[in-house]
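*Asks:* I have a structure here, written as structure tokens, and I will follow up with some questions on it.
The values are calculated or read from the model by the stated rules, or taken from the named source; none is laboratory data. Everything quoted here is computed from the prediction, not taken from an experiment. Cβ: placed from backbone, ideal geometry, glycine included. Neighbour counts: every protein chain shown.
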Amino acid sequence: MPAPVTLKQAALGAEPTAAVTLQWRLRGDALALWRALQALHQPGAVIGIGASLVTAVGAQVPGLRAFERLQRGRYTMPATPLDVFALVPAHDPGQAFDNADALVQALDPHAELVESLPLFRYRRGHDLTGYLDGIENPQGDEAWATALAADGSSFVFVQRWLHLRDRFAAQPPQARDDIFGRRASDDEEIPEAPESAHVKRTAQEDFDPPAFLLRRSMPWGDARRHGLQFIAYAATLDPIQRQLERMMGLDDGLQDALLAHSQAETGAYYWCPPWDGQRLVLPAVSASVVPAAPLPPPAPCTVRVCTDGPLEFSGALMIAGTPATSARLCRCGQSGTKPFCDDSHERSGFRAAGEVPPIDEPQAEVPPGRTRVQPIADGPLAVWGPVRIVSDSGRVITNCVGPTLCRCGHSANKPFCDGSHATAGFRAPA
């Protein structure tokens, strides 16, 4: 067996029944995050580092670069580069959650969690479309020769796909097989399938030179929104890039038929350092990189409850995963740009009955900190972090941490949620 296998991150070879993928953005000092990664003891996870973090600390990782957006015609593969990636495999979802949470706590002082995506094994390793995934993966020593560089490191591409499963399911069985280029019934390739079939567009041995990958993709989602987290390892980024460009038809104009039934929503390259049995083996940082001065704590978040209008947030915010310093969020339930206000409350004559009145008693001060606001599908606005909630006139309603705020317009305890969205049949995306 090749020597690099002894230096690889152990979870690179995992084919778990459950997992979580995590992606972070640098928060504050790049050197502090780098040292936190060096101090990690997470043998059960795969850790990847983005080009932006490597550049920020002045380190050198030959071959690493940021993924760049691909587009041809109506199909797009977006680029969503971040600083740190982790795949946390486990035997069950509960264990995956606990292990992922420990990793989040370890990096939280230095990195902001942007995406956390629970994954699961479906049937015998099938995609949610019903087709077996990873069937062409190299095996044994060939797998490690494909995935690992000479030092035991690897490159990984992470890409979340949203399946348009209803559209795909509406196709006759033969048409579905032709889209994949393989029969769902027995997993056999179809020689006479169209040249646009997914299997033919991504046949690893048909590239010159061959573009072999070690795939560790897994499904994600629920009955309403679901797809595949595409995860592929390789010794260099070249075979991954060539496969993606072939799918998009950038080399010969013929696009992968699967693009009409699944939409890429993210895309990022990372470098997975070697593992010495205890810690990640990271390259030296530049001596000229000076640690950043500590950032002042962000100002407390304030939420102004506008009379018969939106919730106006201000402060250090993360709204549905996007940083912001202010936002007007809908609470009448009728905006066409949810979670944001589009002034539908004025056109609809919304009246905010049942509001909690301001109070005159002294309130504990709101501590500084970033506040995260995440819309819940068909439900309220979930808030993490300290918040000062005031009336339209500026009088304090409450100072609190982590409230849940109504956005359906039906709560009898506005601005707080009382569960009325469920009985009102409120519908809105996360």
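*Asks:* Being of a type in the set (Phe, Trp, Tyr), assigned by TED's automatic domain parsing to the domain that holds residue 65 and not in a strand (DSSP E or B): is that true of residue 157 here?
*Replies:* Against the criterion (of a type in the set (Phe, Trp, Tyr), assigned by TED's automatic domain parsing to the domain that holds residue 65 and not in a strand (DSSP E or B)), residue 157 does not qualify.
*Asks:* For the range 360-393, which residues satisfy the criterion of being on the phi > 0 side of the Ramachandran plot and at pLDDT 90 or above?
*Replies:* 378
*Asks:* Would you confirm, using the coordinates I've provided, whether residue 252 is touching a His at 6+ places or on another chain (Cβ under 8 Å), without any contact (Cβ under 8 Å) to a residue 60 or more places away in the chain and not in a strand (DSSP E or B)?
*Replies:* Judged against the criteria, residue 252 is not a match.
*Asks:* Looking at 26, 12, which one is among the aliphatic types (A, V, I, L, M), within 24 Å of residue 289 (Cβ to Cβ) and touching a helix residue (DSSP H, G or I) at 6+ places or on another chain (Cβ under 8 Å)?
*Replies:* Unique residue meeting the criteria: 26.
Residues checked against (1) in a loop (DSSP other than H, G, I, E, B); (2) within 20 Å of residue 214 (Cα to Cα); (3) basic (Lys, Arg):
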position: 19; (1), (2), (3): no, yes, no
position: 82; (1), (2), (3): yes, no, no
position: 87; (1), (2), (3): no, yes, no
position: 94; (1), (2), (3): no, no, no
position: 97; (1), (2), (3): no, no, no
position: 101; (1), (2), (3): no, no, no
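*Asks:* Now for a different question. Within the range 276-312, count every residue that is under 15 Å from residue 385 (Cα atoms) and either among the β-branched types (Val, Ile, Thr) or modelled with pLDDT of 95 or more (or both).
*Replies:* Summing the residues that are under 15 Å from residue 385 (Cα atoms) and either among the β-branched types (Val, Ile, Thr) or modelled with pLDDT of 95 or more (or both) in the range 276-312 gives 2.
*Asks:* Tally time: how many residues in the range 139-161 are in contact with a Phe, Trp or Tyr (Cβ under 6 Å, 6 or more places away or on another chain) and surrounded by fewer than 18 Cβ atoms within 10 Å (Cβ to Cβ)?
*Replies:* The total comes to 0.
*Asks:* Here is a further query. Test of understanding: among 336, 309, which residue is over 27 Å from the mean Cα position of the chain (by Cα), assigned to a loop (DSSP other than H, G, I, E, B) and assigned by TED's automatic domain parsing to the domain that holds residue 394?
*Replies:* Selected residue: 309, the only one of 336, 309 that is over 27 Å from the mean Cα position of the chain (by Cα), assigned to a loop (DSSP other than H, G, I, E, B) and assigned by TED's automatic domain parsing to the domain that holds residue 394.
*Asks:* Oh, and also: With the requirement that a residue be more than 17 Å from residue 161 (Cβ to Cβ) and either free of Cβ contacts under 8 Å to residues at least 40 places away in the same chain or under 15 Å from the mean Cα position of the chain (by Cα) (or both), what does the range 117-138 give you?
*Replies:* Passing the criteria: 123, 124.
*Asks:* Continuing with the same structure: Residues of the range 39-50 being among the hydrophobic types (A, V, I, L, M, F, W, C) and either surrounded by fewer than 19 Cβ atoms within 10 Å (Cβ to Cβ) or without any contact (Cβ under 8 Å) to a residue 60 or more places away in the chain (or both), which ones?
*Replies:* Correct list: 39, 40, 45.
*Asks:* Sticking with this structure for a sec: What's the total number of residues in the range 138-149 that are in contact with a helix residue (DSSP H, G or I) (Cβ under 6 Å, 6 or more places away or on another chain) and in a loop (DSSP other than H, G, I, E, B)?
*Replies:* 2
*Asks:* Considering 323, 429, 358, which residue is under 16 Å from residue 302 (Cα atoms) and assigned to a loop (DSSP other than H, G, I, E, B)?
*Replies:* 358
*Asks:* Still on this model: Regarding residue 58, is this residue in the same structural domain as residue 145 (by TED's automatic domain parsing), touching a Ser or Thr at 6+ places or on another chain (Cβ under 8 Å), more than 21 Å from residue 152 (Cα to Cα) and surrounded by fewer than 19 Cβ atoms within 10 Å (Cβ to Cβ)?
*Replies:* Taking the combined requirement at face value, the residue satisfies it.
*Asks:* I've got another one for you. Of the residues 83, 166, which is surrounded by fewer than 18 Cβ atoms within 10 Å (Cβ to Cβ), charged (D, E, K, R) and in the same structural domain as residue 213 (by TED's automatic domain parsing)?
*Replies:* That would be 166, the only listed residue that is surrounded by fewer than 18 Cβ atoms within 10 Å (Cβ to Cβ), charged (D, E, K, R) and in the same structural domain as residue 213 (by TED's automatic domain parsing).
*Asks:* From the list 386, 415, 367, exactly one residue is buried (at least 16 other Cβ atoms within 10 Å of the Cβ) and more than 27 Å from the chain's Cα centre (by Cα). Which is it?
*Replies:* The unique qualifying residue is 415.
*Asks:* Return the pair list, or none, for Cβ contacts closer than 6 Å from residues in the range 270-284 that are under 12 Å from residue 8 (Cα atoms) to residues that are assigned to a strand (DSSP E or B) and among the hydroxyl-bearing types (Ser, Thr, Tyr), at least 6 apart or on different chains.
*Replies:* Listed pairs, sorted by first residue: 272/154.
*Asks:* Name every residue in the range 91-115 that is among the polar types (S, T, N, Q) and either in contact with a strand residue (DSSP E or B) (Cβ under 8 Å, 6 or more places away or on another chain) or surrounded by 15 or more Cβ atoms within 10 Å (Cβ to Cβ) (or both), in order of residue number.
*Replies:* Scanning the range 91-115 gives 95, 99.
*Asks:* Only residues in the range 222-238 that are closer than 11 Å to residue 163 by Cβ and outside the structural domain of residue 134 (by TED's automatic domain parsing) count as the first member; pair them with residues that are basic (Lys, Arg) and surrounded by fewer than 13 Cβ atoms within 10 Å (Cβ to Cβ), Cβ under 6 angstrom, at least 6 apart or cross-chain, and list the lot.
*Replies:* none
*Asks:* Quick one: would you say residue 196 is under 24 Å from residue 160 (Cα atoms), in contact (Cβ under 8 Å) with a residue 40 or more places away in the chain and under 26 Å from the mean Cα position of the chain (by Cα)?
*Replies:* For residue 196, the condition - under 24 Å from residue 160 (Cα atoms), in contact (Cβ under 8 Å) with a residue 40 or more places away in the chain and under 26 Å from the mean Cα position of the chain (by Cα) - is not met.
*Asks:* Among the residues of the range 123-138, how many are among the acidic types (Asp, Glu) and surrounded by 16 or more Cβ atoms within 10 Å (Cβ to Cβ)?
*Replies:* The number of residues fulfilling the criteria is 2.
*Asks:* With respect to residue 31, is the statement that it is in a helix (DSSP H, G or I) and in contact (Cβ under 8 Å) with a residue 60 or more places away in the chain true?
*Replies:* yes
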